[in-house]
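First the structure, in the form of structure tokens, and then the observations on it.
The values are calculated or read from the model by the stated rules, or taken from the named source; none is laboratory data. Predicted, not measured: the structure shown is a model, and the values here were computed from it. As a convention, Cβ positions derive from the backbone with ideal geometry for all residues, glycine included, and neighbour counts pool all protein chains shown.
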Amino acid sequence: MASPGSPYLLLPTTISLSFYLSLVVHSAASNPDFHPLMSFKASSDPSNKFLSQWNSTSSNPCTWHGVSCLHHRVSHLVLEDLNLTGSILPLTSLTQLRILSLKRNRFDGPFPSLSNLTALKLLFLSHNKFSGEFPATVTSLPHLYRLDISHNNLSGQIPATVNHLTHLLTLRLDSNNLRGRIPNMINLSHLQDFNVSSNQLSGQIPDSLSGFPGSAFSNNLFLCGVPLRKCKGQTKAIPALASPLKPRNDTVLNKRKTHGAAPKIGVMVLVIIVLGDVLVLALVSFLLYCYFWRLLKEGKAETHSKSNAVYKGCAERGVNSDGMVFLEGVMRFELEELLRASAEMLGKGVFGTAYKAVLDDGTVAAVKRLKEVSVGGKREFQQRMEVLGRLRHCNVVPLRAYYFAKDEKLLVSDYMPNGSLSWLLHGNRGPGRTPLDWTTRVKLAAGAARGIAFIHNSDKLTHGNIKSTNVLVDVVGNACVSDFGLSSIFAGPTCARSNGYLAPEASLDGRKQTHMSDVYSFGVLLMEILTGKCPSAAAEALELPRWVRSVVREEWTAEVFDLELMRYKDIEEEMVALLQIAMACTVAAPDQRPRMSHVAKMIEDLSGIHVSPSHDALDLVSESPSVPEDACTGGGGASASQ
């Protein structure tokens, strides 16, 4: 029998250790992303302080901090706020990378060529110290949707080849040292989030970008054009009826200056000409007045015959266009044009009735007729609308205009053609329904969370009416929250009509909504996404959270999740994680709930989605019918709360 120190006993151990080490080496060699990541770590974290988990003994990079994989290749690399330095050159070998976020670090130097990252969809490199010119190779990435290289030290010009990024939704270049003119980005038709402020740009803003707010172009001393100041030398178009006099001919003027032979006109002749001009203008004005008055009467008569109560009520009161206030200083249509528009009722919500309005020029808008508004007067209402109208975010439905009269208040916003989250979850349940897949649910939840967090960070606003009918889907499949900030001007308690989303502290005597009550409502919304059950179908206000907790205590997750989700594999951990977020949001004590910004980050970290990377989910998002707001009891739900 071998003694304890015998080499024969040590031999199996040695063989096992050698076999293990060979497996480690083989694993590292089999993953082509291992060595580029280790090279990146060596240059960006030489002290091994922030990426200590990245080491050769843990050879599978898919398990490392900040790394996510797809088919055993690195697809997500998210390393933010880690004080990393150096160059990102080693990362250009990660050919399957889809999301790269290195925000708020200390990377410097010029951008390396990124042309190998052909799968890249999201690129976030803001708040670093990159220098040199705009990374031209970025414009060759065919699938890029989000590009944020703001708050760096970039110089040079914005290349015209940025037009190659036809799928781009976000382009943020603010707080750099870019110079020259802004190229006309006519191919970026999907662009939603754009900012070039705080640079050294000059020249006129292209028409293709003039629809963005002034804040997107501010702090560029020599930049001009809509929405900023008018460019020098840019003349206004002269109205056709501005003057009946013959146009002045520059050639004749030059001859007069050259020869000095123009005869002087007598005073009486000049007076007669001026009086003639005035008479002609008066006659033309009178004829135009008669013509448009006739059209106005015909328009009102036509409006009376329509079934749309909001337009009919306004026409009966003879409201003119002076009462229509457009935000961002842009006048897009007259009130009378809105009154004449063909209208379709989308549904009735807590704050009023929503309509889809199609104007004469084809413009489509969502119009909400408010009810039971309780404000001190027109000034207070205007001040509130101005605050709400300043909110611009890709996950918030923008308020475009409003109208105030004693007995009529209207809000005009963008029309969301792809319906609401409520319709996608509950509409057309039964045979023939297209289920809402897990990826789309998480994407919409993340978008809604970002929108609400943005509202909370804006002038200390609250949403006050969070529910699935108020999470709308835009043309590219992004979640946009609507009906925000109206609870403060709404007369009467909302708890009776909140349909199961209201926080327990807010349900007492219609108490004022807070950020934490919003978090509770959003937690109920997450439970709705997970379970497929509608809170509004519950008999008691807290039924859904109570039911979820009771099932979790007994069965954990087996009976909680929507049966439509059971067809998807390898998502159990993500579903449980999202359920834990929902339960944290719906705890009884408000001070124990997470802040909305934290909730948004937890959902993003859940699947590595920092913004919606693609349009893949649009296959399941189609024009939803106009039906009552409550999709659970009414058989479906469109964007009734627009």
Pairs only if they're at least six apart or on different chains, beta carbon under 8 angstrom, first in region 269-286 and without any contact (Cβ under 8 Å) to a residue 40 or more places away in the chain, second among the small types (Gly, Ala, Ser); list them, first residue then second.
-> Asp277/Ser243
Single match in Glu380, Glu336, Glu372 (criterion: over 21 Å from Asn465 (Cβ atoms), modelled with pLDDT under 80, more than 24 Å from the chain's Cα centre (by Cα) and not polar (S, T, N, Q)) = Glu336
Among the numbered conditions (1) surrounded by 15 or more Cβ atoms within 10 Å (Cβ to Cβ); (2) free of Cβ contacts under 8 Å to residues at least 12 places away in the same chain, tell me where Ala42 comes up short.
-> (1)
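Check Ser87, Ser101, Ser113, Ser155 and return the single one that is under 28 Å from Gly477 (Cα atoms) and modelled with pLDDT of 90 or more. Step through it out loud before you land on a result.
Numbers: Ser87 fails: under 28 Å from Gly477 (Cα atoms); Ser113 fails: under 28 Å from Gly477 (Cα atoms); Ser155 fails: under 28 Å from Gly477 (Cα atoms).
That would be Ser101, the only listed residue that is under 28 Å from Gly477 (Cα atoms) and modelled with pLDDT of 90 or more.
Which of the residues belonging to region 419-450 are modelled with pLDDT of 85 or more, outside any helix (DSSP H, G or I) and surrounded by fewer than 24 Cβ atoms within 10 Å (Cβ to Cβ)? Even if it seems obvious, please write down each step before you answer.
Of all residues in region 419-450, those modelled with pLDDT of 85 or more come to 419-426, 436-450.
Next, from what is left, pick out any that are outside any helix (DSSP H, G or I): 419-420, 436-437.
Passing the criteria: Leu436, Asp437.
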Using beta carbons and a limit of 6 Å, which pairs, at least six apart or on different chains, have the first residue in region 566-581 and over 11 Å from Leu530 (Cα atoms) and among the polar types (S, T, N, Q) and the second one at pLDDT below 80 and assigned to a loop (DSSP other than H, G, I, E, B)?
-> none
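Which strands (runs of 3 or more DSSP E) does region 74-146 wholly contain that include 2 or more residues that are among the charged types (D, E, K, R)? Show your work before the answer.
Values: elements: 99-101, 106-109, 122-124, 129-133.
The qualifying strands (runs of 3 or more DSSP E) are 106-109, 129-133.
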